[in-house]
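Structure first, then comments.
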Amino acid sequence: QVQLVESGGGLVQPGGSLRLSCAATGLVFSRYTMSWHREPPGKGRELVARISSTGTSTYVDSVKGRFTIYKDNAKNTVYLQMNNLKPDDTAVYYCYANFNFLRYWGQGMQVTVSS
């Protein structure tokens, strides 16, 4: 049974930092493309950052230069380091894993950026 367990969300002030983690079990982690998505209040879900099985990363324009996605294959974990957070980053953040036709979502966690 595949599980993606997210942690690290919460409340942070504008300009602050958070590191999100997603620990995967039940899959061959090194084969998967891992990504983080978010769903702001009242809006649709969007891709934030993606890292391929070979380590190539891509980002949505709004987070470039502020967010970094990276992974540790030995720990089956993908991370999202978020710096200089803005109120517009407030959303439920989801971890996502895909390999060919296999696709899995985490349960989601709240990130709130507010003073």
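The values are calculated or read from the model by the stated rules, or taken from the named source; none is laboratory data. Keep in mind it's a predicted model, so treat the numbers as computed, not measured. All Cβ positions, even for glycine, are placed from backbone atoms using ideal geometry, and neighbour counts span all protein chains on display. Surface areas here come from the heavy atoms of the whole protein model, side chains and all, with no ligands, DNA or RNA. Shrake-Rupley method; radii C 1.70, N 1.55, O 1.52, S 1.80 Å.
Write down the accessible area per residue of region 2-115 in Å², having rolled a 1.4 Å probe over the full set of protein chains.
Details: 5850 Å² over 114 residues.
That works out to 51 Å² per residue.
Classify region 1-52 as rounded, prolate or oblate from the Cα gyration tensor: take a ≥ b ≥ c as the square roots of its eigenvalues, call it rounded if a/c is under 1.5, otherwise prolate when a/b beats b/c and oblate if not. Can you show the working numbers first?
Details: a/c = 2.09, a/b = 1.66, b/c = 1.26.
Since a/c reaches 1.5 and a/b is larger than b/c, the shape of region 1-52 is classed as prolate.
Sequence gap at least 6, Cα distance under 8 Å: using those rules, report the relative contact order of region 30-98 to the nearest whole percent.
Relative contact order comes out at 39 percent.
Provide Rg and Dmax in Å for region 62-112, with only Cα atoms included in the calculation.
Cα only, region 62-112: 12.7, 35 Å (Rg, Dmax).
Which residue, Leu11, Leu20, Leu85, has the most motion in a Gaussian network model of the chain that connects Cα atoms within less than 10 Å?
Of Leu11, Leu20, Leu85, the most mobile in the Gaussian network model is Leu11.
Over all alpha-carbon pairs in the chain, figure out the percentage whose distance exceeds 23 Å. Don't skip to the end; give the middle numbers.
Working: 1459 of 6555 pairs.
Tail of the P(r) past 23 Å holds 22 percent of the pairs.
Please list, or write none, the aspartates and glutamates whose alpha carbon is within less than 16 Å of the alpha carbon of Lys75, excluding same-chain residues fewer than 8 places away.
Glu6
Taking only Cα atoms and a 10 Å spring cutoff, compute GNM fluctuations for the chain and point out the largest among Ser53, Ser62, Ser30.
Ranking Ser53, Ser62, Ser30 by mean-square fluctuation puts Ser62 first.
Quantify, in whole percent, the carbon and sulfur part of the accessible surface of the chain (1.4 Å probe; protein heavy atoms only). Could the numbers behind the result be given before it?
Values: 2870 of 6040 Å².
With neighbouring chains kept in place, the figure for the chain is 47 percent.
Tell me which aspartates and glutamates have Cα within less than 14 Å of Lys43's Cα, excluding those fewer than 8 residues away on the same chain?
Asp88, Asp89
Applying 1/(1 + (r/R0)^6) with R0 = 25 Å to the Cβ-Cβ distance of Ser114 and Asp61, what FRET efficiency is obtained, to the nearest 0.05?
On the way: r = 23 Å, r/R0 = 0.92.
According to the calculation, E is roughly 0.60.
If R0 is 22 Å, what FRET efficiency do you get for Glu39 and Lys86 from their C-beta distance, rounded to 0.05?
Working: r = 16 Å, r/R0 = 0.74.
For R0 = 22 Å, the calculated efficiency reads 0.85.
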